[in-house]
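What follows is a short report on a single structure.
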Amino acid sequence: MEDLRGLWEQLKSILTYTFLKVEVWKLVLACVIIIAGFFMRRIFVNFLIALLKRMTRRTGTDLDDELVHAIDPPARLLIVAAGFSIAFWLIGIPVHGQSFAGHILRTVVAFAVFWGLYRAGDILAGLFERVARKTHNGMDDMLVPYVNRGIKVIVVIIGVSVIAKEWDYDLGALLTGLGLGGLALALAAQETIANLFGGITIMVDKPFVIGDWIQTPDVEGTVEDIGFRSTRIRTFDQALVTVPNSGLAKSNITNWSRMGKRKVSFNFSVTYDTTAQQLELLLSRIRDMLEGHPGIHHDTIFVNFDSFGENGLDILIYFFTKATDRKGYLDVKEDVNLRLMHILDELGIKLAYPSVSVYVEKQADRDMV
């Protein structure tokens, strides 16, 4: 019994020993609270998030589920901040007023709040995107990435302002200081401003929208994203090309997705031993074939004996396909070419190919001198 009492007195003397004017037991308890805060951020937040998810499953929308997912990491950070706040209070470090610890904790809390708002910005952008999909106007589809980035920029600006004010930092003085180098900043930002106005021009003129197949002098592919600075285009070999908006707004853009029809024009030659009757029948058969083809526009079809070529009789074929996508366009061209070969075979007409005829004149034998 005496041993236990002596051991307790020793332990009591150790725990009441002061270190940096703080009793050891308070330091130990503060460390335990901080460690518990790290554990609680997993246990409490996981329990809270699981409870909220069970509640949101009963609703008919996914927005609340996305909101729960958005606040998950900031909520964990707030639990840790609460643990540090209690630990600082316990060991006598002031966490209110203009104390350094108070500034730190309030900065962490503000950061967690604006972090959650930043993540929730994706939810608002997603809501706007869902509304945009239900409309037939391409303007709102192009605005979706701008709305998403705009919300995040606003949250970041307000968050930085709040944190700067917490540390009594005058942003006005910073902006005034930047005014001294405004000319240099403007010169350095010329390209950025040009790209920004290029993006606005693209959004207003709408030469293309996301998902369109476009072609410029430098790139051809499908538009994946239209941003403040640049536009991303996925080429047909799956390479991702980033094009500055300033250059894209000034270049010639062909939007193949907005074609109503697609042109096919070519010439072929038949041999010179083809008779006039055979040629007339060939032209008639080709016209009938094109006019009866389901994949060809019937309003513009030209089949004509074009000229007497170097190698044969040249025939011009000119028409438009109804399919504008690459695969459908090539399928129609292939089918027309095969049908054309069958017509030539049925009429016994041969295609001409480049050839050279050499005539050798036999001279009379000369008398031997």
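The values are calculated or read from the model by the stated rules, or taken from the named source; none is laboratory data. Only a predicted model underlies this, so the values are computations on that prediction, with no experimental measurement involved. Every residue, glycine as well, gets a Cβ built from its backbone with ideal geometry; the counts of neighbours run over all protein chains shown.
Side notes on the structure shown:
- When the strands (runs of 3 or more DSSP E) confined to region 254-354 are screened for residues that are at pLDDT below 90 and surrounded by 15 or more Cβ atoms within 10 Å (Cβ to Cβ), those reaching at least 1 such residues are found at 262-270.
- Sole residue being more than 21 Å from the chain's Cα centre (by Cα) and β-branched (Val, Ile, Thr), chosen from Ile214, Ile296, Ile233, Ile253: Ile296
- Pair list, Cβ < 8 Å and 6+ apart or interchain, from region 242-261 residues that are over 15 Å from Asp225 (Cα atoms) to residues that are of a type in the set (A, V, I, L, M) and not in a helix (DSSP H, G or I): Ile253/Ile214; Thr254/Ile214; Asn255/Ile214; Trp256/Ile214; Ser257/Ile214
- Qualifying residue in region 177-198 (condition: in a loop (DSSP other than H, G, I, E, B), in contact with a helix residue (DSSP H, G or I) (Cβ under 9 Å, 6 or more places away or on another chain), at pLDDT 70 or above and crowded, with 16+ Cβ neighbours inside 10 Å): no
- Among residues of region 223-249 being at pLDDT 85 or above and among the basic types (Lys, Arg), the one that is nearest to Leu340 (Cα to Cα) is Arg234.
- Meets criteria (modelled with pLDDT of 65 or more, within 27 Å of Ile226 (Cβ to Cβ) and loosely packed, with under 14 Cβ neighbours inside 10 Å) for Val153: yes
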